[in-house]
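Taking it in order: structure first as C-alpha cells, then the write-up.
The values are calculated or read from the model by the stated rules, or taken from the named source; none is laboratory data. These numbers were taken from a predicted model, which means no experiment stands behind them. Neighbour counts run over all protein chains shown; Cβ positions are idealised from the backbone, glycine included. These accessible areas exclude ligands, DNA and RNA; they are computed on the full protein's heavy atoms, side chains included. Shrake-Rupley method; radii C 1.70, N 1.55, O 1.52, S 1.80 Å.
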Amino acid sequence: PPEQSPLQQAAPPEQPILDELLEEIFLRLPTAADLARASMACVSFRRVVAGHAFRRRFRALHPPPLLGILDLPFIPAEPPHPSAAAARAYADAGADFWCSFLPSRERWGITDVRDGRVLLAGVPEGSIYPWGGSKLLRDFAVCDPLFRLYLVLPVIPDDLTALVHEPDITDVDYFLVPPAEDEDDGVSFRVMCLARCKTKLVLFVFSRGAGQWRTVAFDSGSELYWASRRYYWRRCFCRAFFPENRLLMLDIDRMKFSVVNLPIEPWPEEYEMTFVEAAKGSLGMFTIFDDFDEKQGGVVFHLWYGILRKDGDSANLWQANAMISLPLSYRHYRIMGVAGGYLLLQGIPKDLLLTSPSAEGKETDCFTLNLQTLQLERFCGTADMIYEDHLYAGLPPSLSVPTI
C-alpha cells in the first residue's frame, strides 16, 4: 500500500481525552472572569466549562469572588476592586438578592447566604427578626436570587423539636451547609439549626438529598457563650466560645463536635476573631486589636494573623504569621465575615459618630483582605452602618447555573 503522510496517519484525539486536556488548561486560569471569557470562545469550550464536575474542581481552586453585601438594597463591590465587574454583571442580569419572588416575602427573614443560595426562616407572628432569639423556628425556604427560584422545606417535625426544652434554649443559629461529597450534584444542599441550650447543643439537619430532618446532640456539660461568629474551614464549621477560651468544631461529614484550644495572646479587651483556611489547608485566625501609638498621637488598629501548627508531639500550637496595620483615619473596625477568598472589614471614620449620621459626605468604608496575598483594598462605601453581615459570593452570571 502507498505510504501515508504523517497527517493521514495521525488519528483525531478521542473527545473524552480532548475534554480532559481542556479541563486541565481551564483549571489553570487565574480567575472566574478569565474562565467566563474562555467559555465564550466556542461551543466545545462552553460544553467543558458547563460540566458540574469541572465547576466543582474550579471552585475548589478559585473561590467565587465576593460580589457584595446582602442588605436592603444590595451593596456591590465598587471600582477599582477586582470584584466590581462581576458585581455589575449580576446587577445587569437582574439578580433579586432580596428574594422578593418568594410568596408572602414579608413573613420571611434572611438568616444565611452560601454558594449562591439564600436561606430564609419564617418569622413568627408578631416578631420582626427570626435570628438571635431563643425560639426554635421550624419553617425555612432556600432561594436562588440569580435565577429567581425557591424551595420551601418541610417543617421540622414535632418528635425532633421535642428533644429540646424551649425554656432551656439560649439562642439558635440557622445556616446553609455544603452537601455531602457523594451528593454534590450542583443542586443539593443542607440546612442546619444549632440550638444552644444550658448544658448541651442540639443540631437539626435537613438534607435535600434525603428530604428529611434529623438531629445530633453534643453534651457541653455547662453553658457555652459564643465569642465569635460562625466560620467555615475545610468541611468544618467553627465558632469560638468562652470562658474555656476554645474553638468548637463541627465536622459536617461525620456530624461530630470537637474542640481546639485558642491562643492566649494577643488577647485585647474587646476583640473579634475570624477563622479561615490558611496555606496548605491549615487553620488560620485573625483578631482585631488596638494599641496606643505615641508617634500617631492616638489609637491604631492591627490585624493579628496566626496559624495553627502541630509540633513534634502532635500538640496544637498557634504560630504568629503576620501583623497587618489598618488605615489610620478610622476610630473603630469590625469584622463582617469571610467569603470569596476575602476577609471583609468595616471601618467607622473618626468623625462619623461625632456628627449626625446623615451628614452629607459621611460614610463608613468596607475593606477586603485577600487571604492569599494579605493585600488590603477598599471594597465599597455606604452612608449607614451595616448590621446584617450576609456576604454574597458567586461565579459570573455567564458561568452560573440554577442551584435549586
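Using a probe of 1.4 Å on the protein chains alone, the accessible area found for Lys135 is around 100 Å².
Taking a temperature of 25 °C and a viscosity of 0.890 mPa s, what whole-number D in µm²/s does Stokes-Einstein yield for region 37-180 with Rh from Kirkwood over alpha carbon pairs? Mind dumping the intermediate values first?
On the way: Rh = 17.8 Å.
Translational D for this selection: 138 µm²/s.
Exceedance of the 20 Å cut-off in Cα-Cα distance is limited, within the set Lys135/Lys256; Lys135/Lys200; Lys295/Lys350, to Lys135/Lys256. Based on the reciprocal of the average 1/r between different C-alpha atoms, the Kirkwood radius for region 16-62 equals 10.4 Å. From its DSSP helices (H runs of at least four residues, each -39,500 (n - 2.57)), the chain gives a residue-normalised ellipticity at 222 nm of -3500 deg cm²/dmol.
The GNM of the chain, with springs linking C-alpha atoms under 10 angstrom apart, assigns the highest mean-square fluctuation among Glu24, Glu388, Glu277 to Glu24. Each residue of region 112-122 is assigned a 3J(HN,Hα), and the resulting list reads 6, 9, 6, 6, x, 10, 10, 9, 10, 10, x Hz, derived from the Karplus form 6.51 cos²θ - 1.76 cosθ + 1.60 (θ = phi - 60°), x at Gly and Pro.
Sorted largest first, the principal axis extents computed over the alpha-carbon atoms of region 121-233 equal 42, 36, 31 Å. The slack in the chain from Ala93 to Val216, taken as 0.36 nm per residue of separation less the alpha-carbon distance, amounts to 40.3 nm. A simple packing score, the average count of other Cβ atoms within 10 Å per residue, orders the peptides 217-229, 338-350 as 338-350, 217-229, with the highest score first. Among the cysteines of the chain, those with no neighbouring cysteine Cβ under 4.7 Å are Cys42, Cys193, Cys197, Cys236, Cys238, Cys366, Cys380.
One entry in [x] -0.48, -1.33, -1.35; [y] -0.38, -1.26, -1.44; [z] -0.54, -1.23, -1.36 is log10 I(q)/I(0) by the Debye sum over Cα atoms at q = 0.07, 0.13, 0.14 Å⁻¹ calculated from the shown coordinates; its label is [y].
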